[in-house]
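The values are calculated or read from the model by the stated rules, or taken from the named source; none is laboratory data. If you're wondering where the values come from, they're calculated on a predicted model, not measured in any experiment. With ideal geometry, Cβ positions are generated from the backbone for all residues, glycine too; neighbour counts draw on all protein chains shown.
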């Protein structure tokens, strides 16, 4: 396997490289990065006007398998990832059975290897059966390939269990990913507590329901020296707490989702269940705070929290519909349009939030471009404007609040271990 990516703008945040160059891919590796490489008899892909970036990593997805195959499978999730420009995804463990033992880890790895599209990085549970009472067999799961632990979907209320998890994971050098929610404050809530919850007559979820747990977990991380990653931050108070932690030298990283960067709680005025998420869409002041934190690099990761649901699940009355957005296939375009086009964020910085940021948070040796490195690459057309069409989604989840929106800046090629698994929106092997 040998081919040439010609005349692309190569952007690598890790090395600072940002220049027009050719990339020669051979046997799954980057063989050369130079100007004017002789094409010879090799296939050539003309990428003039396109950007070649390190393969994007989504460190927070829900693939639903095992147990939730009606909403998504590892196959359809990986197809969605490839279509969305992601070369690797970290799979949250709230499946059925949940990923709290090495057998489930092995199952996920085998299924994803069979699919051979985006690489799936399993995340194990913090507690057995996600019950928040007893720590899972983290050591055996780590030896079988997990990259982090999390009880995402079920916030870990017991502070003692969280303390022990932060201490124990230090042995393996993996982070604890926290779903920061005090369910005593958020129980029964359907949207952000504020003006629109009052107008719409929906029970509100206060920002403090997130911030209380952010504060607790930061304190516990400081106490133990364990690595903490804060999932899907959505409030300005959480950002201020993160700033405090970083100033104190606490080992903490954080992510923000594309929907919390673009959408506000006003989106819920039509009771569209595709806008129902947890944490909820917030008011404009919170949205501006998280945008600023991403642009300034206080938040170093963008993750989709891809949560696909079948049409039957989502098309219920608002109070009964589950939380979640199917986000893999729109994430890059949403963020490029919102942050680069409208906010003037440097492309290199946005690329870093999908590459070096997640790689550092998870302790992975990936997310960069260099001669000799594995050819995991994402190609973006920064000028391509396209309307979001959920009928074209590879994911089983069509639950997207972006349906019909025109966005600028789409992935046009995804390369995994040197193999082109997506080109111009078409995923290899998919119907």
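Hey, can you tell me all the residues within the range 225-238 that are on the phi > 0 side of the Ramachandran plot and surrounded by 23 or more Cβ atoms within 10 Å (Cβ to Cβ)? Lay out the reasoning, then the answer.
Filtering the range 225-238 for residues on the phi > 0 side of the Ramachandran plot gives 225, 232.
Passing the criteria: only 232.
When you look at residue 85, is it crowded, with 24+ Cβ neighbours inside 10 Å and either at positive phi or free of Cβ contacts under 8 Å to residues at least 12 places away in the same chain (or both), yes or no?
yes
In the set 37, 57, 33, which member is surrounded by fewer than 22 Cβ atoms within 10 Å (Cβ to Cβ) and modelled with pLDDT of 95 or more?
On the way: 37 fails: modelled with pLDDT of 95 or more; 57 fails: surrounded by fewer than 22 Cβ atoms within 10 Å (Cβ to Cβ).
One residue alone meets the criteria, 33.
Filter the range 138-151 for residues that are under 25 Å from residue 252 (Cβ atoms) and over 18 Å from the mean Cα position of the chain (by Cα); which is surrounded by the most Cβ atoms within 10 Å (Cβ to Cβ)?
If we take residues in the range 138-151 being under 25 Å from residue 252 (Cβ atoms) and over 18 Å from the mean Cα position of the chain (by Cα), then 141 is surrounded by the most Cβ atoms within 10 Å (Cβ to Cβ).
Does at least one position in the range 266-287 carry a residue that is farther than 23 Å from residue 202 by Cα and modelled with pLDDT of 95 or more?
No: zero hits.
Among residues belonging to the range 159-188 that are under 20 Å from the mean Cα position of the chain (by Cα) and part of a loop (DSSP other than H, G, I, E, B), point out the one that is nearest to residue 203 (Cα to Cα).
Across the range 159-188, the extreme among qualifying residues is 181.
Restricting the range 393-406 to residues that are surrounded by 13 or more Cβ atoms within 10 Å (Cβ to Cβ) and over 19 Å from the mean Cα position of the chain (by Cα), which is nearest to residue 117 (Cα to Cα)?
Once the filter is applied, the top-ranked residue is 403.
Filter the range 194-204 down to the residues that are more than 27 Å from the chain's Cα centre (by Cα) and without any contact (Cβ under 8 Å) to a residue 40 or more places away in the chain, then identify the one that is farthest from residue 239 (Cα to Cα).
Taking the candidates together, the pick is 201.
Evaluate the following for residue 340: is it under 23 Å from residue 16 (Cα atoms), crowded, with 22+ Cβ neighbours inside 10 Å, touching a residue at least 60 places away in the same chain (Cβ under 8 Å) and in the same structural domain as residue 70 (by TED's automatic domain parsing)?
Taking the combined requirement at face value, the residue does not satisfy it.
Is there a residue in the range 110-118 that is within 20 Å of residue 152 (Cα to Cα) and crowded, with 23+ Cβ neighbours inside 10 Å?
no
Conditions (1) over 30 Å from residue 266 (Cβ atoms); (2) crowded, with 18+ Cβ neighbours inside 10 Å; (3) assigned by TED's automatic domain parsing to the domain that holds residue 281; (4) modelled with pLDDT of 95 or more, marked per residue:
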| residue | (1), (2), (3), (4) |
| --- | --- |
| 168 | yes, yes, yes, yes |
| 174 | yes, yes, yes, yes |
| 180 | no, yes, yes, yes |
| 223 | yes, no, yes, yes |
| 240 | no, no, yes, yes |
| 246 | yes, no, yes, yes |
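Go through 328, 364 for me and flag whichever is buried (at least 24 other Cβ atoms within 10 Å of the Cβ) and under 17 Å from the mean Cα position of the chain (by Cα).
328
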